[in-house]
1. How many residues does the stretch 29-45 hold that are buried (at least 23 other Cβ atoms within 10 Å of the Cβ) and more than 23 Å from N187 (Cβ to Cβ)?
2. Condition first: within 16 Å of the ligand (Cβ to nearest atom), out of contact with any Asp or Glu (no Cβ under 9 Å at 6 or more places or on another chain) and of a type in the set (S, T, Y). Can you find one or more residues in the stretch 484-499 that meet it?
3. What are the residue pairs meeting all of these: first residue in the stretch 513-528, first residue closer than 14 Å to A493 by Cβ and in contact (Cβ under 8 Å) with a residue 12 or more places away in the chain, second residue open to solvent by less than 10 Å² (accessible area, probe 1.4 Å) and among the polar types (S, T, N, Q), Cβ atoms under 7 Å, and 6 or more apart or on different chains?
4. Among A75, A94, which is buried (at least 16 other Cβ atoms within 10 Å of the Cβ) and assigned to a loop (DSSP other than H, G, I, E, B)?
5. If the Cβ limit is 7 Å and pairs must be 6+ apart or interchain, which residue in the stretch 266-292 that is under 21 Å from S331 (Cα atoms) pairs with which residue that is hydrophobic (A, V, I, L, M, F, W, C) and open to solvent by 10 Å² or more (accessible area, probe 1.4 Å)?
6. Restricting the stretch 532-563 to residues that are open to solvent by 20 Å² or more (accessible area, probe 1.4 Å) and among the charged types (D, E, K, R), which is nearest to G477 (Cα to Cα)?
7. Quick check on my filter: what residues within the stretch 216-259 are farther than 17 Å from G183 by Cβ, assigned to a helix (DSSP H, G or I) and of a type outside the set (V, I, T)?
8. So, A267, is that one within 16 Å of the ligand (Cβ to nearest atom) and either within 29 Å of L578 (Cβ to Cβ) or of a type in the set (V, I, T) (or both) or not?
Amino acid sequence: MCGIVGIVGHRPVVPQLLEGLERLEYRGYDSSGLACLQEGRIACLRAEGKLKNLVEKSARFPLSGTVGIGHTRWATHGRASERNAHPHISGKVALVHNGIIENFVVLREELSAKGYQFASDTDTEIVAHLVSDFLQEGQAPLQALQAALRRLKGAFALCLLVEGEEDVLFAARQGPPLVVGMGRGENYVGSDVVALAPFTRQITYLEDGDCAVVGRDFVAIYDQSGAPVERKPTQAAASFLVSRGDHRHFMHKEMVEQPEVLGRTLARYVDLNSGRIKHHDLDWMKYHRVSFSSCGTAFYATLVARYWFERFARLSVDNDVASEFRYREPSLGTDTLAMFVSQSGETADTLAAMRYCRSVGCDTAALVNVEQSTMAREADAVFATLAGPEIGVASTKAFTAQLVTLAALALDAASQRGQIDEAREKAFVQQLVEVPRFLNETLRLDAQIEILCHSLMNARHALYLGRGTSYPIALEGALKLKELSYIHAEGYAAGELKHGPIALIDDTMPMIAVAPSDRWLDKMVSNMQEVVSRGGHLILITDAQGAAKCGFAANSTVIMPDVPEFIAPIIYALPMQLIAYHTALLLGTDVDQPRNLAKSVTVE
Ligand code: F6R
């Protein structure tokens with residue numbers, strides 16, 4: 001999604017703006033730009049494509065100026081091009097924006113009728129014109145911004161500079177997050193903490209409806225009604241200063257750090273001394289139903305969790321793709337816990353689903369990786385996944401951290417509800433504690449997995465199959481492959497194959513079977529036979545026992561460690577990631593920032 005950085009500095013601001021924008025690259029973008037006040041006038045540079053194009057441009061056309069704004073754009077209105085890149089300028093105003101202005105057609109017509117010319121296809125430009133229009137009516141900049149905000153519908157975060165206001169930036173939040181950072185003799189605005197990490201850790205989160213005037217040594221915040229408000233500053237975690245280390249990609253780093261990350265997450269939810277789950281402030285006896293809403297990879301984590309919560313805790317579970325949840329107007333009683341799983345804690349669809357549940361009086365819990373996120377701040381209960389900043393756009397460690405957290409919560413619910421006794425709880429906890437070891441063992445299969453990807457890289461389509469908790473892992477495997485390598489892939493419940501997808505099988509169609517030796521293996525074997533007998537190319541991910549049963553049929557077999565059924569989905573997620581990663585590398589795609597994707601999806 002679009003990234004915003006703004007700086008009111010005491011030295012030339014462009015190098016810092018570029019550094020902040022570099023930090024924001026992980027969010028996904030297709031063009032970038034910056035503007036600063038140079039000798040009192042707006043000077044602006046914009047470039048299509050990667051940030052290096054903007055860096056090169058700013059070397060050719062150096063800008064001075066100590067107040068500036070920068071932007072990485074993820075196209076919504078208008079294609080990715082230099083003319084649509086931000087900042088957008090109208091009169092004395094230069095503006096950057098994240099989000100969507102929903103009533104832009106009406107406003108564009110209104111502004112066109114007043115004689116405003118549009119230089120882009122974006123919804124952003126109408127905001128610049130609106131503010132400019134109110135300035136021309138004689139309003140002061142803050143009042144002009146507030147007047148413009150009253151005309152806007154949608155979800156957006158804005159940062160702007162105004163000619164004649166040499167010492168301040170203006171910012172506003174209505175939806176997507178926006179933070180103000182406090183430094184020494186300079187202050188900052190950012191769409192997330194990561195952008196400001198090189199400059200400061202003193203952060204204030206703007207609330208929905210807030211406007212801010214940010215000077216070098218002051219920050220004034222106003223709420224929706226225009227009244228001045230205090231927002232408490234917080235100290236951002238040092239871990240936001242992430243580096244790739246000696247890894248070729250962030251994604252690689254994030255995959256290999258999973259054993260350590262999940263160990264840390266487990267330590268939050270498991271008492272290693274007693275070997276039991278740590279109980280959290282959630283009364284599971286109060287609920288009969290858990291309603292999960294989430295998007296993408298996080299949605300697949302909730303599909304795995306469904307098996308655990310239903311089987312162990314005897315709670316009935318609904319899983320919704322967050323963007324569809326509200327449309328079915330589910331009936332939610334006080335016996336339902338609505339849980340929202342999100343790495344970023346900012347995904348607009350998931351947040352909207354959470355707000356819907358709150359509006360109907362349902363208890364909410366957020367399972368997030370970013371503990372300061374909007375979801376974490378709005379939910380009744382918060383469970384942190386503690387994966388640390390995830391920079392690769394494709395979720396890896398955040399997914400497996402969601403899985404272990406959900407596994408621990410399912411055991412907590414089961415134990416509180418008397419569905420498992422202490423001995424069983426301890427046996428399951430012991431299995432969870434072994435997750436990091438099994439992940440380390442799986443990482444040793446990396447070279448073997450890389451080799452099998454040579455047979456996958458020329459495929460145009462691929463099928464992933466699984467049963468039970470391996471079914472959502474098959475879905476996740478297919479998502480990872482398509483987003484990283486752009487090979488079309490679909491995940492199916494193995495039993496569903498014969499109800500349609502089997503028609504696709506021929507010798508050009510690789511099929512990846514996620515088949516640990518669990519209670520579903522025999523049925524999986526039958527499904528694999530159905531594929532092989534129709535000439536399909538079978539890549540089998542299994543353990544020694546599984547290989548003995550069906551390895552003969554496979555073109556390639558990856559023999560995984562022998563893991564208990566309960567934790568198998570967590571461990572089998574790793575080969576899914578490695579397959580997608582290596583296939584993408586062979587095809588030469590950008591694994592950390594795949595085309596068209598954004599890390600934190602703050603528009604609906
Ligand atoms: C895929 C991926 C996405 C996210 C989805 C939800 O690798 O990362 O599908 O899982 O956009 O994002 P969060 O978890 O931040 O709500």
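The values are calculated or read from the model by the stated rules, or taken from the named source; none is laboratory data. In this text the structure is predicted, and so the values were computed from the model without any measurement. Cβ coordinates were reconstructed from backbone atoms using ideal geometry, including for glycine residues, and neighbour counts include every protein chain displayed. Just the protein is used for accessible areas: all its heavy atoms, side chains included, with ligands, DNA and RNA removed. Shrake-Rupley method; radii C 1.70, N 1.55, O 1.52, S 1.80 Å.
1. Going through the stretch 29-45 one residue at a time, the tally reaches 2.
2. Scanning the stretch 484-499 turns up at least one residue that is within 16 Å of the ligand (Cβ to nearest atom), out of contact with any Asp or Glu (no Cβ under 9 Å at 6 or more places or on another chain) and of a type in the set (S, T, Y).
3. What qualifies is V514/S470; A515/S470; A515/T542.
4. Details: A94 fails: assigned to a loop (DSSP other than H, G, I, E, B).
Answer to the selection: A75.
5. S291/L332
6. Among them, the one singled out is D562.
7. Result: S239, F250, M251, H252, K253, E254, M255, Q258, P259.
8. On the way: within 16 Å of the ligand (Cβ to nearest atom): no; either within 29 Å of L578 (Cβ to Cβ) or of a type in the set (V, I, T) (or both): yes.
Spelling it out, it is not the case that A267 is within 16 Å of the ligand (Cβ to nearest atom) and either within 29 Å of L578 (Cβ to Cβ) or of a type in the set (V, I, T) (or both).
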